[in-house]
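**Student:** This structure is in structure tokens; I'll ask about it shortly.
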Amino acid sequence: MKKENHPPASIANDFASVLENEAAFYCTYNIPYENRAVIHEYRDSLKDITFGEKPLNIQRFAVVDLDGNGVPEVVLEIDEYAGFVILRYERSRVYGNIVGYRTMYCLKENGFFMSSSSSDEDGWNSLYFIGDTFITDNTLYRSPSAYYAEDRCIDEKLWWEMFDAFDEAEDVKWHDYSDGSIEKWIAQNPVFDLAMSEGCADEHQDYLDSLSYLIEMTYDYTKKTQEERNASAKEYYTNCRKELDQIYQRCLEVLSEAETENLTADQQEWEENFDSRMDAALNALQIDTSEKPEDESLYYTFGDMILRRICRLADIYFSVTSVLS
């Protein structure tokens, strides 16, 4: 692509430079929690990154705020339903995450998208960026046997009503991957400079990035013995629980009396749902519920659930502290 005359350094200019293959950037491909073993890292320009041993074939892109922090991301669609590249801006740099098609499709203007692992396991999600990767928040999810909203069991009828409400939201606007579209929708798009002038919640993102150590406990899966896997999984679960207790207490310290009462009741409900689901999983595996779960998959599954709750509580905490500051 030819070089355009862009304004001085800005979020828009940095995104445009990556899209026009003028700048290398750090990009990862690791499907969070679905493949704990393989992580591909790239420090190349967009045209030099491979996906499935093939060059990325980008046909179009969209501008959308996926994590709700006020700074839009740029989502590139890989041809033939291969997946997407999420470009995000953090600490004055552009970072990338490659995701499979089933991880993120039916993208909406409000940042929500669908994910699925099979025909009867799907739902609507938003995401949280954590360090070099991200997690989806399971806003609405169904399995073959149950229906969930934010990891809590709900009635099937209510679930489908909520599903339809998400589905009716406006679809994201896609733009062809061309010089003209990059100039119009990226380089000259005022939404990026507006985000830059208003700033973003650095402390909030710093906290989320600090949780990277938890996710790193789930890596190098295939390089470990079964005993090492169990130990890592247990450590992951235990540290997620510690982080949950800490962010919950931080919330209680800054909330009003009425807000504290509401959050306390909500946390109790979440804990009861969590315990019920864990008991059911332990019983299904015929594990003595008087013991801690020693099955690595349970530690990962329920550790993931705790991590999602940590991120939601962080939303509460930093929404309050940002106003106070």
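The values are calculated or read from the model by the stated rules, or taken from the named source; none is laboratory data. As the structure is a prediction and not an experimental result, all values here were calculated from the model. Using ideal geometry, Cβ is built from the backbone for each residue, glycine included, and neighbour counts are taken over all protein chains shown. These accessible areas exclude ligands, DNA and RNA; they are computed on the full protein's heavy atoms, side chains included. Shrake-Rupley method; radii C 1.70, N 1.55, O 1.52, S 1.80 Å.
**Student:** Helix 296-324 sits at what angle to the longest principal axis of the chain, using alpha carbons and giving 0 to 90 degrees rounded to 10?
**Tutor:** 70
**Student:** Leaving out ligands, DNA and RNA, what percent of the accessible area of the chain is carbon and sulfur, probe 1.4 Å? All intermediate terms of the calculation are to be shown ahead of the outcome.
**Tutor:** Numbers: 7630 of 16050 Å².
Roughly 48 percent of what the probe reaches on the chain is carbon or sulfur.
**Student:** Helix-only estimate, please: 222 nm mean residue ellipticity of the chain, summing -39500 (n - 2.57) across DSSP H runs of length 4 or more and dividing by its residues, to the nearest 500. Walk me through the numbers before you get to the answer.
**Tutor:** Working: 9 runs with 134 residues, N = 325.
Calculated mean residue ellipticity at 222 nm is -13500 deg cm²/dmol.
**Student:** Using a 1.4 angstrom probe, figure out how much accessible area the chain has per residue, in square angstrom, rounded to the nearest whole. Show your work: numbers first, answer last.
**Tutor:** Working: 16050 Å² over 325 residues.
I get 49 Å² per residue for the chain.
**Student:** Now for a separate question. With every protein chain present, what accessible area does Leu298 have (1.4 Å probe, heavy atoms only), rounded to the nearest 10 Å²?
**Tutor:** For Leu298, the solvent-accessible surface is approximately 20 Å².
**Student:** Quick check: pseudo-label points 7 Å beyond the Cα along Cα→Cβ at Ser119 and Gln246, how many nm apart are they?
**Tutor:** Going by the 7 Å Cα→Cβ label model, 4.6 nm.
**Student:** Looking at the range 122-197, which GluC sites (Glu not before Pro) are DSSP coil and have at most 10 other C-beta atoms within 10 Å of their C-beta?
**Tutor:** Glu168, Glu170
**Student:** Lysine pairs, Cα distance under 30 Å, 8 or more residues apart or cross-chain: how many in the chain?
**Tutor:** 29
**Student:** Just how many % of Cα pairs in the chain lie over 28 Å apart, if you round to the nearest whole percent? Kindly include the intermediate steps, with their values, before the conclusion.
**Tutor:** Working: 23687 of 52650 pairs.
Pairs farther apart than 28 Å: 45 percent.
**Student:** Let me ask you something else. Helix 226-254 versus the longest principal axis of the chain: what angle, 0 to 90°, nearest 10, using Cα atoms?
**Tutor:** 80
**Student:** Out of the range 226-274, which trypsin sites (Lys or Arg not before Pro) are coil in DSSP terms and have no more than 14 other C-beta atoms within 10 Å? It would help to have the intermediate numbers written out before the result.
**Tutor:** On the way: sites: Arg229, Lys234, Arg241, Lys242, Arg250; in loops: none.
In loop regions of the range 226-274 (DSSP not H, G, I, E or B), there are no sparsely surrounded trypsin sites (Lys or Arg not before Pro).
**Student:** Further, regarding this structure: If you fit an axis through the alpha-carbon atoms of helix 257-284 and take the longest principal axis of the Cα set of the chain, what angle between them do you get, 0 to 90°, nearest 10?
**Tutor:** Helix 257-284 and the main axis of the chain meet at about 70 degrees.
**Student:** On to the next question. Would you please name the GluC sites (Glu not before Pro) within the range 42-123 that are DSSP coil residues with at most 15 other C-beta atoms within 10 Å of their C-beta?
**Tutor:** Filter output for the range 42-123: Glu53, Glu80, Glu109.
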